[in-house]
Structures are given as C-alpha cells and as structure tokens.
Amino acid sequence: QVQLVESGGGLVQAGGSLRLSCAASGRTFNSYTGGWFRQAPGSEREFVATINWNGSTFYAESVKGRFTISRDNAKNTVYLQMNTLKPEDTAVYYCAADQSRVVETRRREYDYWGQGTQVTVSS
C-alpha cells in the first residue's frame, strides 16, 4: 500500500504561482510513476502531468510550458510547480501513483490516490 498526501493548494491571483507537494508513505515510492490530475466542478477528472521513476515527464497540452512536475526520491515526494496560473486552472488537484515504470496519462491505470487539494485562481 502507498498513502499519498497532497499539500500546497490555495487561492492565488491570475498570473501567480503555486507549488503542490505529494508526500508518499508506505511502500518504496521510488520505482512508481507519479501523476497529477485535476477536477473542476461539474467536470471529469483530467490528466495534468506525469513523471516516471527515472524522471521522464509528460504534460497535458493545456499546462505545457506553465507547469513542471518533478520528484525527490530521497523524500518520497512528487511536486507540481504551477506558474502563470489562469482562472481555468481552478480545480481540486489529485496526486496519484502507478506501479508501472512508464509515464502514464490514463486515470484508470493509477493504483493509489491522494485526497486532493483545492487550487483557486481568481481573475
């Protein structure tokens, strides 16, 4: 089992930045793929970014160039640096872990999920 706890959400003005953290506990997280998803009210949960065990990354088109996913295996933590935030980035952001070793965009492939952290971007 892997437990995931997100932090770092909050309220920010458009154009601002936030850094989300996802701390993993339980099994060794180093070999897992980490992912970030988000869900806005009335919408389905959508893929944001993913990073695999050796640092390969992939991003949704809507966040490419603005968001950066990274990981610190010594701290069992995955980060999402969000810059140039827009009101349409407002959502609950979820961290997820996948036991495969590949970058993964499909929600159904992830085995573990955090409880989510709210990000609100005001215009």
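The values are calculated or read from the model by the stated rules, or taken from the named source; none is laboratory data. Remember, it's a predicted structure, so these values are computed and weren't measured experimentally. Here the Cβ is made from the backbone with ideal geometry for all residues, glycine too, and neighbour counts use every protein chain on show. Surface areas here come from the heavy atoms of the whole protein model, side chains and all, with no ligands, DNA or RNA. Shrake-Rupley method; radii C 1.70, N 1.55, O 1.52, S 1.80 Å.
Table for the structure above
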item	result
Filter pass, Gly65 being of a type outside the set (A, V, I, L, M, F, W, C) and touching a residue at least 12 places away in the same chain (Cβ under 8 Å)	no
All positions within the range 76-112 that are among the hydrophobic types (A, V, I, L, M, F, W, C) and either open to solvent by 60 Å² or more (accessible area, probe 1.4 Å) or closer than 13 Å to Gly35 by Cα (or both)	Val78, Leu80, Cys95, Ala96, Ala97, Val102, Val103
Filter result (assigned to a loop (DSSP other than H, G, I, E, B), at negative phi and modelled with pLDDT under 95) within the range 73-104	Gln99, Ser100, Arg101, Val102, Val103, Glu104
Some residue of the range 56-65 being more than 15 Å from the chain's Cα centre (by Cα), of a type in the set (S, T, N, Q) and loosely packed, with under 15 Cβ neighbours inside 10 Å	no
Scan of the range 8-54 for residues that are among the small types (Gly, Ala, Ser), open to solvent by 40 Å² or more (accessible area, probe 1.4 Å) and out of contact with any Phe, Trp or Tyr (no Cβ under 8 Å at 6 or more places or on another chain), ordered by number	Ala14, Gly15, Ser17, Ala23, Ser25, Gly26, Gly42, Ser43
Count - residues of the range 4-31 that are modelled with pLDDT under 95 and farther than 14 Å from Lys75 by Cβ	3
